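The values are calculated or read from the model by the stated rules, or taken from the named source; none is laboratory data. What you see is a predicted model; the values in this text were computed from it and never measured. Reconstructed Cβ throughout: ideal geometry from the backbone, glycine too, with neighbour counts over all protein chains shown.
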Amino acid sequence: MLEFDYDLFVIGAGSGGVRAARIAASHGARVAIAEEYRIGGTCVIRGCVPKKLLVYASRFTDEFEDAEGFGWSLEGARFDWQSLIAAKDNEIARLEAVYGATLAKFNVELFAERATVAAPHGVKLTQSGRTVSAKAILIATGGRPNLDENLPGIEHVITSNEAFHLKEIPRRVVIAGGGYIAVEFASIFKGLGADVTLIYRRDKILRGFDEDLRNALTTAMTSRGIHIIAGHIFTRIEKTQTGLAGHITGGEVVEADQIMFAIGRSPNTAGLGLEGVGVKLSGNGAVAVEGTWQTSVPSIYAVGDVTDRVNLTPVAIREGHAFADTVFGNKAWTVDYKAIPTAVFATPEIGTVGFSEHEARAQYGDIDIYKASFRPMKAILAGRDERMLMKLVVERASDRVVGVHILGPDAAEIVQMAAVAIRMGAKKSDFDQTMALHPSAAEELVTLREKWIAPGEAAG
């Protein structure tokens, strides 16, 4: 008789959990996975995938406006929110089915219900009441949107979860937050015709990003008509006859049809029973793990956003794969967290990899900065004033390019390939010796020659 019902039980069928389950099963492990909502997790169901679809939809406004400069005459263009959401829902359902088919292909048993940890080797399925045993348990439950539960009227707001399922496009939207999700949804709603206000408690959006990117995106969003109120927070929210009234510090009142909170996310560990079996959690509920994703309980592991390290889907996938190879495949390896590329799908979008300027100065001391700001070629005939920004951060002593930062059309696509160069240790001289692809925006990365000198700074 087998000692355990399963070799691995995964709680959470998001990107990291599904990858771990599939790889472990491919190594011959008996695997089960439980998901209380929908297979695919935040990214696929109500995160980056549906968000990117809405981003595409919002940018057609620019395309229609720009077309006239290229000789097109477009009349009668009309946007229908319900049609967009229906198309988005169909695509998400298709992807969910793909994830389910993948699990079935590898004989991973799926439980469509909530699961909690009952013991170091025990999992309780809450709907059926059944308890099963597993040699190893993997926590891959991701994160959840933050809300200020003490704010009067917080019950009137939505988060990104609900934004994907609104019955109609709000005419007036107020968004609390200044990170990825806040600026992305501000751009989405603005592009689809809403009046948008962004309220952020700090002095500038996108904390942690390169300062030039933060400044350039702020300018672009403001130019597009997004009202950014920095240095303020909500004090209360009231329901009115015409919608919602948001009271903010300083006494200002902003009116809206929808108020959306995008003030960050927290690890989704509440009620999982982890502390009861001895799993250590951090102050915000994140699962504390070692390099092999093992928790303080040797039989319990965790990957992805629930650990609150690098909260990106590709990182969760890589961690899930490495965990399964290491624990079940006798192929030990760890994830390298250096030079992870990332994008902010605002309009215009940001793509970035490596050190920001201020991080590089702290890390290396002497650095060189190369940057260019210009109107993309398409914008000339379109008559659009929006500018593109490209920036290289170079360690002076070694000539290595340690940061690439881009704002503008297709920034994410460009930075994905720049990330390869960064990881290989490419030098500025390698960029210089690379032939330019003309005409393209990306050629600026290999034609930047003049160092940027900050006011009051001596040339290096």
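For the residues Pro376, Pro409, the requirement of being within 29 Å of the chain's Cα centre (by Cα) and within 21 Å of Leu206 (Cα to Cα) singles out Pro409. Residues in segment 215-264 that are closer than 20 Å to Arg202 by Cα and acidic (Asp, Glu): how many? So the answer is 1. Within segment 61-86, the set of residues being touching a residue at least 24 places away in the same chain (Cβ under 8 Å) and either within 25 Å of Ala163 (Cα to Cα) or in contact with an Asp or Glu (Cβ under 9 Å, 6 or more places away or on another chain) (or both) comprises Thr61, Asp62, Phe79, Trp81, Gln82, Leu84, Ile85. For the condition at pLDDT below 95, touching a strand residue (DSSP E or B) at 6+ places or on another chain (Cβ under 9 Å) and aliphatic (A, V, I, L, M), what is the one hit in Ile406, Ile414, Ile422, Ile453? Criteria check complete, one pass: Ile453.
Scanning segment 360-377 for residues being part of a strand (DSSP E or B) and either surrounded by fewer than 18 Cβ atoms within 10 Å (Cβ to Cβ) or in contact (Cβ under 8 Å) with a residue 60 or more places away in the chain (or both) gives a total of 7.
Exactly one residue out of Ile39, Ile45 is of a type in the set (A, V, I, L, M), in contact with a helix residue (DSSP H, G or I) (Cβ under 9 Å, 6 or more places away or on another chain) and outside any helix (DSSP H, G or I), and it is Ile39.
Restricting segment 391-405 to residues that are within 12 Å of Gly354 (Cβ to Cβ) and of a type in the set (A, V, I, L, M, F, W, C), which is surrounded by the fewest Cβ atoms within 10 Å (Cβ to Cβ)? Out of the qualifying residues, it is Val402. Being part of a helix (DSSP H, G or I), free of Cβ contacts under 8 Å to residues at least 60 places away in the same chain and over 26 Å from Tyr301 (Cβ atoms): is that true of Ala57 here? In short, no. Across segment 2-50, which residue is farthest from Val344 (Cα to Cα) among those that are of a type in the set (S, T, N, Q) and surrounded by 24 or more Cβ atoms within 10 Å (Cβ to Cβ)? Of everything passing the filter in segment 2-50, Ser15 is farthest from Val344 (Cα to Cα). Against the definition (in a helix (DSSP H, G or I), in contact (Cβ under 8 Å) with a residue 60 or more places away in the chain, loosely packed, with under 15 Cβ neighbours inside 10 Å and under 30 Å from the mean Cα position of the chain (by Cα)), how does Glu444 come out, yes or no? The answer is no for Glu444. From the list Ile237, Ile233, the one residue that fits, being over 30 Å from Asp62 (Cα atoms) and touching a Lys or Arg at 6+ places or on another chain (Cβ under 6 Å), is Ile233. The test for being crowded, with 17+ Cβ neighbours inside 10 Å and at pLDDT below 95 holds for Ala382.
Each row is one residue, and each column tells you yes or no for (1) among the basic types (Lys, Arg); (2) in a strand (DSSP E or B); (3) exposed (fewer than 14 other Cβ atoms within 10 Å of the Cβ); (4) touching a Leu at 6+ places or on another chain (Cβ under 7 Å).
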residue: Ala86; (1), (2), (3), (4): no, no, yes, no
residue: Asn90; (1), (2), (3), (4): no, no, yes, no
residue: Arg94; (1), (2), (3), (4): yes, no, yes, no
residue: Ala101; (1), (2), (3), (4): no, no, yes, no
residue: Leu110; (1), (2), (3), (4): no, yes, no, yes
residue: Val123; (1), (2), (3), (4): no, yes, no, no
residue: Ser128; (1), (2), (3), (4): no, no, yes, no
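Taking the criterion of being within 19 Å of Leu84 (Cβ to Cβ) and of a type in the set (Phe, Trp, Tyr), the residues of segment 174-190 that qualify are Phe185, Phe189. For Leu151, state whether it is surrounded by fewer than 23 Cβ atoms within 10 Å (Cβ to Cβ) and in contact with a strand residue (DSSP E or B) (Cβ under 7 Å, 6 or more places away or on another chain). When the stated conditions are applied, Leu151 passes them. The residues of segment 271-328 that are without any contact (Cβ under 8 Å) to a residue 40 or more places away in the chain and in contact with a Gly (Cβ under 7 Å, 6 or more places away or on another chain) amount to a single one, Ser296.
Inspect all residues belonging to segment 323-339 and state whether any of them is crowded, with 20+ Cβ neighbours inside 10 Å, under 25 Å from Arg144 (Cα atoms) and not hydrophobic (A, V, I, L, M, F, W, C). Looking through segment 323-339, none of the residues is crowded, with 20+ Cβ neighbours inside 10 Å, under 25 Å from Arg144 (Cα atoms) and not hydrophobic (A, V, I, L, M, F, W, C).
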